[in-house]
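The structure appears below as structure tokens.
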Amino acid sequence: MSGERILVIDDEPQIRRALSTALAAHGYTVETAADGAVGLEAIATWAPDAVVLDLVMPGLDGFEVLRQTRVWSPVPIIVLSARGEEADKVAALDGGADDYLTKPFGMGELLARLRVVLRRTRGPAPPSLQAGDVTIDLERRLVFRAGEEVHLTPTEMSLLLVLAAEAGKVLTHRQILERVWGGYAAENAPQLRVYVNYVRRKLEEDPAHPRLIVTDPGVGYRLKASPQPDSAATS
């Protein structure tokens, strides 16, 4: 049982009750807030380990809660919304959300994504990541597949390391372009797709059906990999 503190901000009483019950049953300590203003105060005073935030609320909506929180706090935030439009997902992720789930959602999926964002806040980053037969040595900036080193160009390596730095989290096209190419420009968007395909061809068993770098349509990309101890890196 983890005891980590989860704040649920949602104006729907049934959602607050359901999440509070389910999260408590999995060992989390839960507080709830029925609107954005109360939620912001709880983030400041209760200091949760993670926040589950509804986007559509009267008064202070989730976008504003996210904006104000990111001025001063890096607390992981998973956004929930009945609005599944790509533009809302992109706006939330670009605004600092760590993940996004569309209502209705499965409790198992929420719990899994919560574990991912919480892992990223526990201590230093892992020395390597593993996905199938692919090992990414983050410290030495090396990549191995089935024990054999894979050569990546500087741009390919930068792209992979940007995704690896937040493994399990969807990064939007804008976020990746800013971190790899140094700024967002619409003309660079095709390059991003091209380089994702280059990396997939070198690392994926079936590039047409990727399992390492997965696409969130219209939003961005997510690296699906697990932290490994020091001994996992291949030399």
Out of curiosity, is Thr21 in a helix (DSSP H, G or I), at negative phi, free of Cβ contacts under 8 Å to residues at least 12 places away in the same chain and not small (Gly, Ala, Ser)?
yes
Those residues of the stretch 42-56 which are part of a loop (DSSP other than H, G, I, E, B) and either open to solvent by less than 50 Å² (accessible area, probe 1.4 Å) or within 14 Å of Glu4 (Cβ to Cβ) (or both) amount to Ala47, Pro48, Asp49, Leu55
Looking only at the stretch 179-191, how many residues end up being out of contact with any Asp or Glu (no Cβ under 8 Å at 6 or more places or on another chain) and modelled with pLDDT under 85?
8
Run down Ala92, Ala44 and say which single residue is over 24 Å from Ala225 (Cα atoms), in contact with a Ser or Thr (Cβ under 9 Å, 6 or more places away or on another chain) and without any contact (Cβ under 8 Å) to a residue 60 or more places away in the chain.
Ala44
Going through the stretch 1-17 in order, the residues found to be closer than 17 Å to Val79 by Cα and open to solvent by less than 50 Å² (accessible area, probe 1.4 Å) are Ile6, Leu7, Val8, Ile9, Asp10, Ile15, Arg16
Which of (1) touching a strand residue (DSSP E or B) at 6+ places or on another chain (Cβ under 7 Å); (2) without any contact (Cβ under 8 Å) to a residue 40 or more places away in the chain is the odd one out, the single condition Pro13 does not satisfy?
(1)
Answer yes if at least one residue in the stretch 150-165 is outside any loop (DSSP other than H, G, I, E, B), under 30 Å from Gly3 (Cβ atoms), open to solvent by less than 50 Å² (accessible area, probe 1.4 Å) and at pLDDT 85 or above, and no otherwise.
yes
For the structure I just gave you, tell me whether Glu205 is of a type in the set (Asp, Glu), assigned to a helix (DSSP H, G or I), surrounded by 12 or more Cβ atoms within 10 Å (Cβ to Cβ) and more than 18 Å from the chain's Cα centre (by Cα).
no
Can you give me the number of residues within the stretch 87-117 that are in a loop (DSSP other than H, G, I, E, B) and open to solvent by 70 Å² or more (accessible area, probe 1.4 Å)?
1
Being out of contact with any Ser or Thr (no Cβ under 7 Å at 6 or more places or on another chain), within 27 Å of Ala112 (Cβ to Cβ) and not aromatic (Phe, Trp, Tyr) narrows it down to one of Val150, Val194, Val134, so name that one.
Val134
Scan the stretch 24-41 for residues that are under 18 Å from Lys103 (Cβ atoms) and part of a strand (DSSP E or B) and jot them down.
Thr32, Ala33
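Only one residue in Gly39, Gly84, Gly27, Gly59 is crowded, with 20+ Cβ neighbours inside 10 Å and either farther than 24 Å from His173 by Cβ or not charged (D, E, K, R) (or both), so which one is that?
That would be Gly39, the only listed residue that is crowded, with 20+ Cβ neighbours inside 10 Å and either farther than 24 Å from His173 by Cβ or not charged (D, E, K, R) (or both).
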Among (1) within 22 Å of Tyr100 (Cα to Cα); (2) surrounded by 15 or more Cβ atoms within 10 Å (Cβ to Cβ); (3) touching a strand residue (DSSP E or B) at 6+ places or on another chain (Cβ under 8 Å); (4) at pLDDT 85 or above, the one test that Ala225 misses
(4)
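The values are calculated or read from the model by the stated rules, or taken from the named source; none is laboratory data. Being a predicted model, the structure only gives us computed values, none of them experimental. Glycine gets a Cβ as well: all are built from the backbone with ideal geometry, and neighbour counts include every protein chain shown. Keep in mind that these areas ignore ligands, DNA and RNA; they rest on the heavy atoms of the full protein, side chains included. Shrake-Rupley method; radii C 1.70, N 1.55, O 1.52, S 1.80 Å.
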